[in-house]
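> Okay, handing you the structure first.
A short reminder: the numbers here are calculations on the coordinates, not readings from a lab. All figures in this text were calculated on a predicted structure; none of them were measured in a lab. Every residue, glycine as well, gets a Cβ built from its backbone with ideal geometry; the counts of neighbours run over all protein chains shown.
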Amino acid sequence: MIKSMTGFGRCEFADENRKFTVEIKAVNHRYLDVNIKMPKKLNFFESAIRTLLKEYMERGKVDIFINCEDYTQDNVSLKYNEALAAQYLTYLNSMAEKFGLDNDIRVSTLSKYPDVFTMEEQGIDEKSLWLGLEKAIRGAAEQFVESRIREGEHLKKDLCEKLDGMLSYVDFIEERSPVIIKEYKERLEAKVAELLGDRQIDDARIATEVTIFADKICVDEETVRLRSHIKSTKDTLEAGGSVGRKLDFIAQEMNREANTILSKTNDLAISDIGISLKTDIEKVREQIQNIE
């Protein structure tokens, strides 16, 4: 199957402790470029997430957004630093005695001093956390791949239609080329007859001139290669897989052949068709940029 590089997937997974929400979206890129946005406490899973995503994608600029809601009530605890509170109290009593001040220290006042009470997060069960996170990522990734495949099938259909149109242009060029030579010979004979009047025309000389002209404008090799490239593109689309780079290379070769045809021809009809051919090749190249 052909996959587009643009896609979107979303999944939620929840258990009794947490709910994970994962969204994945992507646009075109020459390589796989993954950008992960997630809560700090999940940062140690980054390497595992990148490895997991490579099972589902090979190219594209991918953004993945991860959110985690924790339902547990005992994931943090209050810590009391008795030693630090004792030091605060000692110094406060010393200050009251030294400066002759009333000692108005209360427990509520002392508890507000820095680091007397602190909140500490309990140890996280990494295995349990990863199991839930992995399910959410895989669910989003599967949706993401499905959306890429759907878009890829549309691209494939449109590309095949354009390739068929390009074949019709090649047919026209191949049919028109012998006619150009015939018309050139007729014009040449008419011109020579006009110049020589009743004198005999040298058929051998005419044949030589026509041969030189035919060789100069001959595009047989270019049209044969174009047919081959078009067929190769269709075969590659049918084979599927990650074929974007290969198709882009073939499209460059098709463009090269079209340029050569245009540079050789002096016929207006073939020039018009050659321009249409180049236009369609460019459209094909643009769409190929969307294929993984």
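> Sort 125-135, 58-68 for me by packing, meaning the mean count of neighbouring Cβ atoms within 10 Å per residue, highest on top.
58-68, 125-135
> Counting other beta carbons within 10 Å of each Cβ, put Thr118, Thr265 in order, fewest first.
The fewest-first ordering by Cβ neighbours comes to Thr118, Thr265.
> Right, next: Less than 17 Å apart at the alpha-carbon level, and either on another chain or at least 8 residues along: which lysines does that give for Lys19?
Of all the lysines, those that pass the test against Lys19 - Cα under 17 Å, at least 8 places apart if same chain - are Lys37, Lys40, Lys41, Lys127, Lys135.
> Is the shape of the chain rounded, prolate or oblate, going by the alpha carbon gyration tensor and its root eigenvalues a ≥ b ≥ c, with a/c under 1.5 for rounded and a/b larger than b/c for prolate?
prolate
> Among Tyr169, Tyr31, Gly100, which residue has its Cα furthest toward the positive end of the charge dipole of the chain, with +1 on Lys/Arg Cβ and -1 on Asp/Glu Cβ?
After comparing all options, I get Gly100.
> Then there is this: Connecting C-alpha atoms closer than 10 Å in a GNM of the chain, tell me which of Leu110, Leu167, Leu101 has the biggest fluctuation.
Leu101
> Using only helices, what value at 222 nm comes out for the chain when you add -39,500 (n - 2.57) per DSSP H run of length 4 or more and divide by the total residues, to the nearest 500 deg cm²/dmol?
-21500 deg cm²/dmol
> So, one more: Which whole-number percent gives the relative contact order of the chain, counting Cα pairs below 8 Å spaced six or more residues apart?
Across the chain, relative contact order equals 25 percent.
> Mean shadow of the range 231-270, computed from the convex hull of its alpha carbons, in nm²?
Across all orientations, the range 231-270 yields a mean hull projection of 3.3 nm².
> Once you've got the GNM for the chain with C-alpha springs shorter than 10 Å, pick whichever of Thr21, Thr211, Thr223 has the biggest mean-square fluctuation.
Taking springs between Cα atoms under 10 Å, the residue moving most is Thr211.
> Which of the lysines could be linked to Lys182 by a straight reach, that is with a Cα gap under 26 Å, when you skip same-chain ones fewer than 8 residues away?
By straight Cα distance, Lys182 reaches Lys191, Lys216, Lys264.
> Say R0 is 30 Å: what FRET efficiency, to the nearest 0.05, do Thr118 and Asn67 get from their beta-carbon distance?
Working from the Cβ atoms, E equals 0.70.
> Right, another one. Of the listed peptides 150-159, 34-43, what is their order by residue-averaged count of other C-beta atoms within 10 Å, with the highest listed first?
Answer by packing, highest mean first, reads 150-159, 34-43.
> Can you tell which of Val116, Val179, Val243 shows the greatest fluctuation in a Gaussian network model of the chain with Cα springs below 10 Å?
Val116
> Also, I was wondering about something else. Run through the DSSP bridge list for the chain and note the antiparallel percent, rounded to the nearest 5.
Expressed as a percentage, antiparallel bridges in the chain total about 80.
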